[in-house]
Each structure stands twice: as structure tokens, then as C-alpha cells.
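Written out below as C-alpha cells is the structure these notes cover.
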Amino acid sequence: MDLSIVISLYNEEESLRELVAWIDRALAPHNLEYEIIMVDDGSRDHSWEVIEELSKQYPRIRAIGFRRNYGKSAALYCGFEAAQGDIVVTMDADLQDNPEEIPEMIRMIREDGYDLVSGWKKKRYDNVATKNLPSKLYNATARKVTGIKLHDMNCGLKAYKGEVVKNIEVYGEMHRFIPYLAKNAGFDNIGEKVVHHQARKYGKSKFGMSRFIHGFLDLLSIWFLQKFGKKPMHLFGGIGTLIFVIGAIIDIWLIVAKLIAQANGTTFRPVTDQPLFYLALVAVLLGAQLFLTGFLGEMIARNASERNSYNIKRII
């Protein structure tokens, strides 16, 4: 099969008929064998009934329905597992992503050799204060942390080689960082395409301002796990050792200074009367705790089932 289109949706009954017709219209001239995988993330409206109706009209539609709302990452994870296409495209169900962009994204993967092509909504039709400006700040931070030069990492319209989605695990709210997950899985040929952004036609956005705060925290989490997940001692042990040594040197210096002053018969301030002594003592204890944290983390990492899990590109 040439193409799988994975669509995660939540309460989008008004847009589904129009979306499927638009996809069919956009891909008809390109002679592609494709499937549409709709993942209903526990919708409370009549989205599932509409999907059942559409599946009779369009046999290429396959669907998964959750009993409750699990989030977009869970929907994409199940959609990726079910996808059978050589190329997988993700898009939202709210009609803000344009299906007419899909053929060019497919060409970029087939002919230009990209592992992943991410859409860039260069001109957005969202509220400037609540979406545009926070999105620019968020993407600037993501570029800095991940090293991936994408203007719109969270754009729902993306195209992937089939092997990419089979070698990454999307969980929690990590759908925002799929390009980073792909990069860490060894698929680092990541491209970008300017795509046309549509104003929302039906309903309202399912995401509030909190997504940017959660997104930043998730970004730190995934960066930490990818960098130190299998070697926690390098972080905690290194910082702990440094703090311990600094604290120990200060304590020893204070004690030696007291002994020298005492031997010379000069006046001296008792060590226990000096705040620096207690700060140094705290540093020694904190350093020891961080070192033990790294040690325990190392023991857990070495016993993890995926400790020797690697993505193999080719074998002769």
C-alpha cells in the first residue's frame, strides 16, 4: 500500500464528511493506493456514528474508537500500529490541515529522501495572543533544545516513511515532539514544507494555553530521558561528586585554618559559629544524595528490559 492517513479526532462530527471528501478529491488524480485510519479519542458527540456511515461509502476507511479520551499521543500510537502504508501521513480532523499538500510531501519523501516531512503553518489564522506568539516562543525553545531546525514542530500535518512510525513510541503528550523522537531513533533526515493553514470552520479548539506549559515540561522530560535515560550516573553522579568535593574542601579548609590559628596562638572564630561551615556541610550531604541517586538510577537502567534495544538500519 502506498499511503496511510492517520487522523486523530475528538468531537469533530461536523467536519468528518467534508474532510473525507476533500481527501478523496485531493488524492484522486495521483493514482495512489491509500487507507484512512480514523482514531476516535472517546468523542462524546456523534463522531463514531458519522465514521460508521462514511466507512460504508468509502471502503478504504478503517477506524479505532476509544472508550474514553486518552489524548492525541495515544490516538497516534494506535494509528501508527495499524498503518500499513509505505508512507504515513498524520493530519487533524478540524479542516485546518489541507489534504492537497499531501502529494508534494509524498514526493519529498520518495524523491528527496526525507525520513520525515513536517508542515509549517507560516501564515496562521489563530488568535495572535493565545496561539501565535506562544507557539513561536515554544518552537524557538524546541529548536534550541532538540537541534532540529523546524519552525512548527507541533504541526499536525506530517508525512513519514513507514519505518519511522514503526520505530518510535508516542506516549503521554509526546506527539508534540515526534520529529525529536524520530531523530533519536536514527531518522535524522527531517525536512519542512510550508503548508496552507485553514481557519477553524466548526467547533472550537480542544487545546488551551496550558498545552504550552505542559509542552515545555514534556520537552525537558524527553530531552533528559534521551540524553541520560541509559546513563543517569553521568548526570547525577557528576553533579553530586562536584558538589561533595566543593563542600568537603570548604569544611577541611575551615578546620585547618582554625588549627593553624590555634597553634599560633592567634584569635580565631569557632568553626561551628561560621555559616559557611553549615553551607559546606549541606553541600556534602546533597552531593552524597545526588551520587546515590545516580547509582540507583544506574542500577534501574541496567536492569531495564530495553537496555539493549537498538534500531538496526541494515545487515549484510
- Query: Out of the residues in region 150-185 that are basic (Lys, Arg) and at pLDDT 90 or above, which is most open to solvent (accessible area, probe 1.4 Å)?
  - Reply: Lys166
- Which of (1) at pLDDT below 90; (2) open to solvent by 90 Å² or more (accessible area, probe 1.4 Å); (3) in contact with a Gly (Cβ under 9 Å, 6 or more places away or on another chain) is the odd one out, the single condition Gly294 does not satisfy? (2)
- Message: Cβ-Cβ under 7 Å, sequence separation 6+ or interchain: first residue in region 253-273 and surrounded by 12 or more Cβ atoms within 10 Å (Cβ to Cβ), partner small (Gly, Ala, Ser). Which pairs?
- Response: Phe268/Ala261
- Among the residues of region 191-212, is there at least one that is in contact with a Leu (Cβ under 6 Å, 6 or more places away or on another chain) and at pLDDT 85 or above? yes
- Message: So for region 119-129 (the condition being open to solvent by 10 Å² or more (accessible area, probe 1.4 Å) and at pLDDT 90 or above), does at least one residue qualify?
- Response: yes
- Do we find a residue being in contact with a Pro (Cβ under 8 Å, 6 or more places away or on another chain) and in contact (Cβ under 8 Å) with a residue 40 or more places away in the chain anywhere in region 100-117? yes
- Got a sec? Which of Leu95, Leu157, Leu76 is on the phi > 0 side of the Ramachandran plot and touching a helix residue (DSSP H, G or I) at 6+ places or on another chain (Cβ under 7 Å)? Leu95
- Could you please let me know if Gly85 is under 22 Å from Glu14 (Cα atoms) and either out of contact with any Cys (no Cβ under 8 Å at 6 or more places or on another chain) or at pLDDT 95 or above (or both)? no
- Message: Condition first: modelled with pLDDT under 80 and in a helix (DSSP H, G or I). Can you find one or more residues in region 302-311 that meet it?
- Response: yes
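Taking the condition of being more than 26 Å from Ser73 (Cβ to Cβ) and modelled with pLDDT of 95 or more, how many residues in region 31-52 meet it?
Narrowing region 31-52 to residues more than 26 Å from Ser73 (Cβ to Cβ): 31-33.
If we keep only those that are modelled with pLDDT of 95 or more too, we end up with 33.
Final tally of qualifying residues: 1.
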- Query: Out of (1) at pLDDT below 90; (2) open to solvent by 70 Å² or more (accessible area, probe 1.4 Å); (3) farther than 30 Å from Thr146 by Cβ, what's the single condition that is false for Ile249?
  - Reply: (1)
- Message: Considering only residues that are closer than 22 Å to Val165 by Cβ and aromatic (Phe, Trp, Tyr), which ones fall in region 48-76?
- Response: Phe66, Tyr70
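The values are calculated or read from the model by the stated rules, or taken from the named source; none is laboratory data. The model shown is predicted, which means the values in this text are computed figures rather than measured ones. All Cβ positions, glycine included, derive from the backbone under ideal geometry; neighbour counts span all protein chains shown. For the accessible areas, the whole protein counts, side chains as well, though only heavy atoms, and no ligand, DNA or RNA atoms are used. Shrake-Rupley method; radii C 1.70, N 1.55, O 1.52, S 1.80 Å.
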